[in-house]
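Below is one structure, written out as structure tokens; comments come after it.
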Amino acid sequence: MERTYIMLKPDAVKRGLMGEIISRIERKAFKITNVKMITLNEEILREHYAHLVDKPFFPDMVTYMTSGPVLAMIVEGDDVVKGMRNIMGATKWLEAEAGTIRGDYANSTTENLIHGSDSVENAEIEIKRFFGE
Ligand code: CDP
Ligand code: MG
């Protein structure tokens with residue numbers, strides 16, 4: 001069964017949107033198999049977002065991502081990696097379609113509520129990074 005790494009970001013926790021977002025995952029009949037609330041630090045963010053460390057927005061993103069706890073999850077289902085990316089919506093908030101999580105709730109590209117792995121291979125790396133073996 002395919003798995004993906006999902007993380008509800010600090011704005012989702014602070015805004016009280018965890019239940020709303022979890023409901024959408026459950027309504028899609030994906031299975032949440034593991035959850036834990038953790039607070040990230042710059043070191044793990046430099047690893048997790050290695051492709052973005054040189055971008056101008058990276059420092060603001062670190063400030064945001066370390067501003068409070070995140071809800072880390074493993075979600076399972078057929079084609080769940082792509083399926084979760086579909087229900088999350090596009091990275092840029094103005095491109096995220098209404099009916100998606102980001103399209104319905106985000107008005108910032110940095111504070112965009114949710115992370116989801118972008119490939120099956122990265123999903124396994126990220127699950128290992130945040131949940132261990
Ligand atoms: O999260 P996603 O995989 O959709 O996008 P990404 O390109 O992997 O970027 C990771 C995160 O960096 C985004 O979710 C945003 O929080 C942040 N980001 C940003 O602040 N400004 C951008 N222009 C692009 C990404
Ligand atoms: Mg990404």
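Tabulated data
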| quantity | calculated |
| --- | --- |
| Search result, residues across segment 98-110 that are touching a Lys or Arg at 6+ places or on another chain (Cβ under 7 Å) and near ligand 1 (Cβ under 8 Å from one of its atoms) | Thr109 |
| Residue in segment 111-133 that is surrounded by the fewest Cβ atoms within 10 Å (Cβ to Cβ), counting only those that are assigned to a loop (DSSP other than H, G, I, E, B) and more than 10 Å from ligand 2 (Cβ to nearest atom) | Glu133 |
| Per-region count, segment 21-80, residues charged (D, E, K, R), part of a loop (DSSP other than H, G, I, E, B) and over 21 Å from Arg102 (Cα atoms) | 3 |
| Candidates Arg85, Arg129, Arg15, Arg24 - the one that is more than 20 Å from Arg3 (Cβ to Cβ) and of a type in the set (Lys, Arg) | Arg15 |
| Answer residue from segment 97-110, given it is without any contact (Cβ under 8 Å) to a residue 12 or more places away in the chain and in a loop (DSSP other than H, G, I, E, B) and is nearest to ligand 2 (Cβ to nearest atom) among those | Glu97 |
| Residue in segment 20-40 that is open to solvent by 90 Å² or more (accessible area, probe 1.4 Å), free of Cβ contacts under 8 Å to residues at least 60 places away in the same chain, within 16 Å of ligand 2 (Cβ to nearest atom) and out of contact with any Lys or Arg (no Cβ under 8 Å at 6 or more places or on another chain) present | no |
| Count of segment 70-96 residues which are under 12 Å from the mean Cα position of the chain (by Cα) and away from ligand 2 (no atom under 16 Å from the Cβ) | 2 |
| Residue count for segment 87-107, restricted to those that are of a type outside the set (Gly, Ala, Ser), surrounded by fewer than 15 Cβ atoms within 10 Å (Cβ to Cβ) and either under 22 Å from Lys31 (Cα atoms) or touching a helix residue (DSSP H, G or I) at 6+ places or on another chain (Cβ under 7 Å) (or both) | 2 |
| Test: residue in segment 62-78 that is more than 18 Å from Phe131 (Cα to Cα) and either modelled with pLDDT under 95 or among the charged types (D, E, K, R) (or both) | yes |
| Any hit, segment 115-133, residues being out of contact with any Pro (no Cβ under 9 Å at 6 or more places or on another chain), within 12 Å of ligand 1 (Cβ to nearest atom) and of a type in the set (Val, Ile, Thr) | no |
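Condition check ((1) more than 18 Å from Gly77 (Cβ to Cβ); (2) basic (Lys, Arg); (3) out of contact with any strand residue (DSSP E or B) (no Cβ under 8 Å at 6 or more places or on another chain); (4) modelled with pLDDT of 95 or more) across all residues:
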position	(1), (2), (3), (4)
Tyr5	no, no, no, yes
Lys9	yes, yes, no, yes
Val13	yes, no, no, yes
Met18	yes, no, no, yes
Arg24	no, yes, yes, yes
Arg27	no, yes, yes, yes
Ile38	yes, no, no, yes
Glu43	yes, no, yes, yes
Phe57	yes, no, yes, yes
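The values are calculated or read from the model by the stated rules, or taken from the named source; none is laboratory data. Values in this document were obtained by computation on a predicted structure and should not be read as measured data. Counting neighbours? That spans all protein chains shown, and the Cβs are built from the backbone with ideal geometry, glycine included. Quick note on the areas: whole protein, heavy atoms, side chains included, nothing else; ligands and nucleic acids left out. Shrake-Rupley method; radii C 1.70, N 1.55, O 1.52, S 1.80 Å.
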